[in-house]
Amino acid sequence: MSTHDPLRLFFAVELNSALRQALSQLIDELKQEPWGHRVRWVHPENLHVTLRFLGTTNPEKIPELAKHAHNAINKIEPFPLQLHNIRFFPSPTAPRAIAADIIPTSELFELAYALEEVASNLGFTPETKPYLPHLTLGRIIHHHAPNLREELNLNTSPMIVNEIVLFNSKKTEYSQSYTPLEYISLQKSKVSSSTEV
């Protein structure tokens, strides 16, 4: 890949290992449901909480994105992220995915709004839909929805969000991979580039 090839970028919260493992076990259980084959399940390594999808972006904009995001969020303190239950997303009547609900906090919405302002100021198309925090576990690949037990609650411990990540999304015929490009800490910490790039 050339350094000038466009990337598909998004800001997200990366999960800690405990939460990722708990959700991996849950996905394994849901795969055994009669409808489990009708869902394209997310690989545990790819689980994340999207904050702002940016889309196709010139790599040269990455430093500017990271700098503006750092300035926008450096007064937001670390906060707990707690999952609540499993539901259809965006709604039971028009489901496209199975997702874990996130208990909303003022910090999470402040983070999403700050990144929306960053994106708009840097020329990205403004998001017209309100931010709905969720964590996608799988995408429904048939039009008829599976019979999900709506009362299915999650018994997971909260994780502390102390940084966000700028990811590059790469899709192949058989898989999807997310590569971290920049880690941007909350509460006035410095931006650090990932060694994985």
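The values are calculated or read from the model by the stated rules, or taken from the named source; none is laboratory data. Everything quoted here is computed from the prediction, not taken from an experiment. Note that we place each Cβ from the backbone using ideal geometry, even for glycine, and neighbour counts take in every protein chain shown. For accessibility, only protein heavy atoms count, side chains too; no ligands or nucleic acids. Shrake-Rupley method; radii C 1.70, N 1.55, O 1.52, S 1.80 Å.
Summary table
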| item | result |
| --- | --- |
| Residues being β-branched (Val, Ile, Thr) and at pLDDT below 95 - total across the stretch 137-169 | 3 |
| Search result, residues across the stretch 117-134 that are outside any helix (DSSP H, G or I) and surrounded by 10 or more Cβ atoms within 10 Å (Cβ to Cβ) | LEU122, PHE124, GLU127, TYR131, LEU132, PRO133, HIS134 |
| Verdict on SER17 being closer than 18 Å to LEU132 by Cβ and loosely packed, with under 13 Cβ neighbours inside 10 Å | no |
| Qualifying position, being open to solvent by less than 30 Å² (accessible area, probe 1.4 Å), at pLDDT 90 or above and either closer than 18 Å to ALA18 by Cα or within 16 Å of the chain's Cα centre (by Cα) (or both), among ILE76, ILE102 | ILE102 |
